[in-house]
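Visitor: Below is a structure I'd like to ask you about.
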Amino acid sequence: MLFRPDVGSGKYVGTNPGVVVTWQATRHLQLLGVVSRFLSGGFLADTFVAEGFGFYSFTARYRF
């Protein structure tokens, strides 16, 4: 994604803390959940992501 040069005055883009939970249900089945939140810095203050945004994921993996 490209931003105009006058978008923000800061140099700090942001940080992305997150939590990952993995559960090995059986020898073959693994469940994985991820919650991550992007916290915007001054560089993105005047954009649509100024308030930050979240990533959410759930995965079920079956191995033979």
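Visitor: How many residues are open to solvent by 80 Å² or more (accessible area, probe 1.4 Å) and farther than 10 Å from ASN16 by Cβ if we restrict to the stretch 36-64?
Guide: Selection size over the stretch 36-64: 9.
Visitor: Out of the residues in the stretch 17-44 that are modelled with pLDDT of 90 or more and not in a strand (DSSP E or B), state the one that is farthest from PHE64 (Cα to Cα).
Guide: So, considering only residues that are modelled with pLDDT of 90 or more and not in a strand (DSSP E or B), the one farthest from PHE64 (Cα to Cα) is PRO17.
Visitor: Quick one: what pairs do we get from the stretch 21-39, first residue on the phi < 0 side of the Ramachandran plot, second of a type in the set (A, V, I, L, M) and part of a loop (DSSP other than H, G, I, E, B), C-beta under 8 Å, 6+ apart or different chains?
Guide: These pairs meet every condition: LEU31/ALA25; PHE38/VAL49.
The values are calculated or read from the model by the stated rules, or taken from the named source; none is laboratory data. None of these values were measured; they are calculated from a predicted model. For neighbour counting, all protein chains shown are included, and Cβ atoms are generated from backbone atoms with ideal geometry for every residue, glycine included. Heavy atoms of the whole protein, side chains included, go into the accessibility calculation; ligands, DNA and RNA do not. Shrake-Rupley method; radii C 1.70, N 1.55, O 1.52, S 1.80 Å.
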